[in-house]
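Below: the structure, in structure tokens.
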Amino acid sequence: MTLILGIESSCDETAAAVVVDGRRILSSVVASQVDLHAQYGGVYPEVASRAHVEAITPVVNQALKEAGASIHDVDAIAVTRGPGLAGSLLVGINYAKGLALVSGKPLVGVNHLEGHVYSLWLTQPLQETTFPVLALIVSGGHTELLLMHDHGQYERLGGTLDDAAGEAFDKVGRVLGLPFPGGPNIQKSAEKGNPDAFQFPRGKRDSSYDFSFSGLKTAVLRAVTVSANKSTKADAPVSEKNVVLRSGLNVSDASASFQEALVDILVEKSARAAAEYGVTEILISGGVSANSRLRDEMKRRAGLPVRYPPINLCTDNAAMIAAAGYYRFMAGQRDDLDFDVLPNWPLTRGMYG
Ligand code: KG4
Ligand code: ZN
């Protein structure tokens, strides 16, 4: 039995968890900063690192306590090394280094995106997955389409060229006057709306596996708002700062139509990649994988099994870091106490090498 303590602080959640053999969660504690950032309509990096500093000690202590374990019982400490906000990542890494130093436990740096993929291993029945599988990671900071050949073996097929899927949800949510974060609130609003009310563009509908959501975001902005500045010409670039919602606009219709366009392009490219590479299943992870329309459409159109994590493991948590860390630990990875954060760390082939 291998016990991993996971620590995550890459964005706006301070989290710690204890996981057995990369699969069974003994504890998973998440201190969310959503309320703190809601007033800014997005994550404010300096506020985030300060909040991590305050939360990290109680969060780690609670995770160990709920697991009925002490730091001396764990086999390794897995911590998010990147990608993410440098100042936020540093808080988790420095804390993990301190713990490793006093306890003598090995330290394992984990890629946050890989963590999202491994959130699936925390829920899957115990039989092994047959590789290759297709992994679609859709979060507030990332949209990545990967072919996973084996544990730690990734081939990047494509990703977003501009906004991440979750970022598009958050920005459109802000335009529609919905609370932060936009994703869950747009989904809720869309339940009462007509997805065909607006015909929004599907960006990069081409043979690549890349995505583009900024055109969709601008199209929504243009369709649902009028310029508060009367002198602005009809074809001038629109800016979130200088618009008001059209009077009589049905926000639910706009939400449903936007969600439909975004889901359509994600599903279209994922299903095509799955067929081209002959994968056994599709794994969706990251905050946007909580979206029920995305889940339903992927299941309906993919033509093969689709897996996604339970809602509490879609958004950032440390159980997924412990799960990914377990496979790295078993593959022999050990990091020195002087290792640094990697804010732009891509997920590439041969992560254990
Ligand atoms: O994975 P995550 O916690 O953060 C990053 O690693 O970036 O994802 C947060 C993102 C936010 O953009 C949020 O709006 C989105 O996930 N999200 C959703 C839903 N729940 C969260 N997007 C669409 N539908 C949802 N139900
Ligand atoms: Zn994330």
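The values are calculated or read from the model by the stated rules, or taken from the named source; none is laboratory data. Remember, predicted model here, so these are calculated numbers, not experimental data. With ideal geometry, Cβ positions are generated from the backbone for all residues, glycine too; neighbour counts draw on all protein chains shown. Heads up: the accessible areas ignore ligands, DNA and RNA and are worked out on the full protein's heavy atoms, side chains in. Shrake-Rupley method; radii C 1.70, N 1.55, O 1.52, S 1.80 Å.
Miscellaneous remarks
- Summed over the stretch 147-165, the residues that are farther than 15 Å from Gly287 by Cα, out of contact with any helix residue (DSSP H, G or I) (no Cβ under 6 Å at 6 or more places or on another chain) and either of a type in the set (Asp, Glu) or within 15 Å of ligand 1 (Cβ to nearest atom) (or both) give a count of 4.
- Pair list, Cβ under 6 Å, 6 or more apart: the stretch 92-113 residue within 13 Å of Ile7 (Cβ to Cβ) and within 16 Å of ligand 2 (Cβ to nearest atom), other residue open to solvent by less than 40 Å² (accessible area, probe 1.4 Å) and among the small types (Gly, Ala, Ser): Gly92/Ser9; Val110/Ala78; Val110/Ala324; Val110/Gly325; His112/Ser10; His112/Gly84
- Residue match in the stretch 27-48 (condition: closer than 16 Å to Asp340 by Cβ and either among the β-branched types (Val, Ile, Thr) or out of contact with any strand residue (DSSP E or B) (no Cβ under 6 Å at 6 or more places or on another chain) (or both)): no
- For the stretch 309-325, the set of residues classified as open to solvent by less than 60 Å² (accessible area, probe 1.4 Å) and outside any helix (DSSP H, G or I) consists of Pro309, Pro310, Asp316, Asn317, Ala318, listed by residue number.
- For Val18, the conditions (1) farther than 23 Å from Pro343 by Cα; (2) touching a Leu at 6+ places or on another chain (Cβ under 6 Å); (3) modelled with pLDDT under 95 are fulfilled apart from (3).
Yes/no per residue for (1) open to solvent by less than 30 Å² (accessible area, probe 1.4 Å); (2) within 16 Å of ligand 2 (Cβ to nearest atom); (3) in a helix (DSSP H, G or I):
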| site | (1), (2), (3) |
| --- | --- |
| Ser255 | yes, no, yes |
| Gln259 | yes, no, yes |
| Leu283 | yes, yes, no |
| Asp296 | no, no, yes |
| Arg301 | no, no, yes |
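- Thr14 meets each of the listed conditions (1) within 16 Å of ligand 1 (Cβ to nearest atom); (2) open to solvent by 20 Å² or more (accessible area, probe 1.4 Å); (3) touching a helix residue (DSSP H, G or I) at 6+ places or on another chain (Cβ under 6 Å) apart from (2).
- Filter pass, Ala78 being open to solvent by less than 30 Å² (accessible area, probe 1.4 Å), outside any helix (DSSP H, G or I) and either at pLDDT below 95 or not basic (Lys, Arg) (or both): yes
- Total residues in the stretch 329-349 satisfying the condition of being out of contact with any His (no Cβ under 9 Å at 6 or more places or on another chain) and not in a loop (DSSP other than H, G, I, E, B): the figure is 2.
- Those residues of the stretch 23-60 which are open to solvent by 40 Å² or more (accessible area, probe 1.4 Å), modelled with pLDDT of 90 or more, of a type outside the set (Val, Ile, Thr) and within 20 Å of Gly287 (Cβ to Cβ), in sequence order: Ser28
- In a residue-by-residue description of the stretch 130-143, the property of being assigned to a loop (DSSP other than H, G, I, E, B), among the small types (Gly, Ala, Ser), within 13 Å of ligand 2 (Cβ to nearest atom) and open to solvent by 30 Å² or more (accessible area, probe 1.4 Å) applies to at least one position.
- Filtered residues of the stretch 144-169 (kept if open to solvent by less than 40 Å² (accessible area, probe 1.4 Å) and either within 15 Å of ligand 2 (Cβ to nearest atom) or closer than 18 Å to Lys241 by Cβ (or both)): Glu144, Leu146, Gly159, Thr160, Asp163, Ala164, Ala165, Gly166, Ala168, Phe169
- The stretch 94-114, subset in contact with a Gly (Cβ under 8 Å, 6 or more places away or on another chain) and in a helix (DSSP H, G or I), residue farthest from ligand 1 (Cβ to nearest atom): Glu114
- In this structure, Leu178 does satisfy being part of a loop (DSSP other than H, G, I, E, B) and among the aliphatic types (A, V, I, L, M).
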